[in-house]
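K.L.:
Just passing along the structure, written as structure tokens.
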Amino acid sequence: MDMDGVLVREEQLVPGADAFIGELRDRGTPFMVLTNNSIYTPRDLRARLLRTGLDVPEGSIWTSALATAQFLDQQRPGGSAYVVGESGLTTALHSVGYVLTDRDPDYVVLGETRTYSFEAITRAIRLVESGARFIATNPDEKGPSREGPLPATGAVAALIEKATGRAPYYVGKPNPLMMRSALRAIKAHSENTLMIGDRMDTDVRSGLEAGLQTILVLSGISGAETAELFPYRPTTVRGSVADLIGRTENPFDPQD
């Protein structure tokens with residue numbers, strides 16, 4: 001399931017999310033909370049969720065930073081990268097044995113940060129032009145803040161792409177690669193796994209492309225009318241995860 005808009009919204013618990021997670025844990029149902037946000041480590045996110053009253057184990061949190069690190073480790077083990085991002089991304093890359101450098105790196109890896117530096121972006125542009133492969137953790141163009149929207153990874157990636165003529169490879173949602181890596185992490189198969197999300201363009205799309213059934217909840221970004229604008233549909237639509245309490249064994253029961 002996605003995190004923001006599904007379990008929490010603007011640092012507040014979505015009503016019923018704690019009971020829903022509790023039911024999954026009581027039943028022994030494996031689950032993974034996914035987020036395209038690469039700023040934080042799973043430990044940071046666990047602490048954030050605990051402050052809202054939601055107890056999610058660190059091992060049940062999967063970020064675009066972790067998916068990116070796993071992807072690079074599979075593509076070029078023991079490689080090097082120039083990183084524009086925060087500790088969630090640098091920690092993930094260090095954990096797979098990557099060296100972080102601004103001298104002839106194998107990759108330029110762009111992630112989320114609240115303080116994008118013009119100097120760092122300029123360095124990234126020059127390295128990409130010099131032959132470094134361009135990777136971005138996720139394509140989200142903007143993110144939320146208390147003051148309003150902030151430019152996010154996708155917007156800065158567009159800037160670098162425009163300057164270099166080289167498009168990045170995005171690892172996070174809606175790339176089904178992130179969904180498949182999460183499936184492997186919980187030793188699950190797409191045939192008996194579903195994706196719960198609040199966005200049609202990332203959550204539902206990535207679930208569909210990874211072969212999962214999908215549930216769109218209306219507690220976040222997409223509304224019921226928004227879903228009708230897309231050429232694909234979720235398996236079902238619910239108001240929030242509270243509507244799944246008592247139904248986690250068979251959430252698609254038509255007698256609801």
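The values are calculated or read from the model by the stated rules, or taken from the named source; none is laboratory data. Note that the structure is predicted; figures quoted are calculated from it, not measured. Here the Cβ is made from the backbone with ideal geometry for all residues, glycine too, and neighbour counts use every protein chain on show. Keep in mind that these areas ignore ligands, DNA and RNA; they rest on the heavy atoms of the full protein, side chains included. Shrake-Rupley method; radii C 1.70, N 1.55, O 1.52, S 1.80 Å.
K.L.:
Return the ratio Rg/(2.2 N^0.38 Å) for the stretch 99-190, where Rg is computed over Cα atoms only.
P.N.:
Values: Rg = 14.8 Å, N = 92, 2.2 N^0.38 = 12.3 Å.
Dividing the Cα radius of gyration by 2.2 N^0.38 Å gives 1.20.
K.L.:
Of all DSSP beta bridges in the chain, what percent run antiparallel (nearest 5)?
P.N.:
Details: 4 of 28 bridges.
Taking every DSSP beta bridge with both residues in the chain, the antiparallel ones total about 15 percent.
K.L.:
Here's a follow-up. So for the stretch 8-109: antiparallel DSSP bridges make up what percent, rounded to the nearest 5? Show your work: numbers first, answer last.
P.N.:
Numbers: 2 of 10 bridges.
Taking every DSSP beta bridge within the stretch 8-109, about 20 percent pair in antiparallel fashion.
K.L.:
Here is a follow-up. Skip the ligands, DNA and RNA, and give the accessible area per residue of the stretch 142-191 with a 1.4 Å probe, whole Å².
P.N.:
On the way: 2840 Å² over 50 residues.
That works out to 57 Å² per residue.
K.L.:
Excluding residues fewer than 8 places away in the same chain, name every one of the lysines whose C-alpha is closer than 26 Å to that of LYS187.
P.N.:
Correct list for LYS187: LYS173.
K.L.:
Could you please state how large a percent of the accessible area of the chain is carbon and sulfur, counting protein chains only and using a 1.4 Å probe? Numbers along the way, then the final one.
P.N.:
Numbers: 5970 of 12320 Å².
C and S fraction of accessible area: 48 percent.
K.L.:
So for GLU86, GLU228, GLU10, what's the accessible-area order with a 1.4 Å probe, most first? All intermediate terms of the calculation are to be shown ahead of the outcome.
P.N.:
Details: GLU86 55, GLU228 115, GLU10 150 Å².
Most to least solvent-accessible, the answer reads GLU10, GLU228, GLU86.
K.L.:
Next question, about the same structure. Which whole-number percentage describes the relative contact order of the stretch 98-172, with Cα contacts under 8 Å and a sequence gap of 6 or more? Numbers along the way, then the final one.
P.N.:
Working: 104 pairs, mean separation 23.6, N = 75.
Dividing the mean separation by the residue count of the stretch 98-172 yields 32 percent.
K.L.:
Something else: Along the charge dipole of the chain, Cβ charges K/R +1 and D/E -1, which of SER130, LEU212, THR115 sits furthest on the positive end?
P.N.:
The residue sitting most towards the positive pole is SER130.
K.L.:
Ok, one more. Which value in Å does the Kirkwood hydrodynamic radius of the stretch 58-125 take, with 1/r averaged over all unlike C-alpha pairs and then inverted?
P.N.:
Numbers: mean 1/r = 0.0817 Å⁻¹.
Final number for the Kirkwood radius of the stretch 58-125 is 12.2 Å.
K.L.:
Apply the Kirkwood formula to the stretch 194-251: the hydrodynamic radius equals the inverse of the mean of 1/r over all pairs of different alpha-carbon atoms; give it in Å with one decimal.
P.N.:
Numbers: mean 1/r = 0.0890 Å⁻¹.
One decimal place: 11.2 Å for the Kirkwood radius.
K.L.:
List the extent of the Cα atoms of the chain along each of their three principal axes, largest first, rounded to whole Å.
P.N.:
If we take the Cα atoms of the chain, the spans are 59, 36, 34 Å.
K.L.:
Out of all Cα-Cα pairs in the stretch 144-256, roughly what percent, to the nearest whole number, are more than 19 Å apart? If you can, show how the numbers build up before the last one.
P.N.:
Details: 3552 of 6328 pairs.
Result for the distance tail: 56 percent.
K.L.:
Per DSSP helix of 4 or more residues, -39500 (n - 2.57); summed, then divided by the residues of the chain. What does that give at 222 nm, rounded to the nearest 500? Before the final figure, lay out the partial values.
P.N.:
Working: 9 runs with 85 residues, N = 256.
That comes out to -9500 deg cm²/dmol.
K.L.:
Over all alpha-carbon pairs in the stretch 1-142, figure out the percentage whose distance exceeds 28 Å.
P.N.:
Values: 2618 of 10011 pairs.
Of all Cα-Cα distances in the stretch 1-142, 26 percent exceed 28 Å.
K.L.:
Here's a follow-up. Using Cα springs under 10 Å in a Gaussian network model of the chain, which residue among GLU129, GLU191, GLU147 shows the largest mean-square fluctuation?
P.N.:
GLU147
K.L.:
Got the relative contact order for the chain handy, in percent, Cα pairs under 8 Å and 6 or more residues apart?
P.N.:
18 percent.
K.L.:
Binned at 10 Å from 0, what are the whole-percent values of the Cα-Cα distance distribution for the stretch 160-199, short to long?
P.N.:
Values per bin, smallest distances first: 23, 41, 19, 15, 1.
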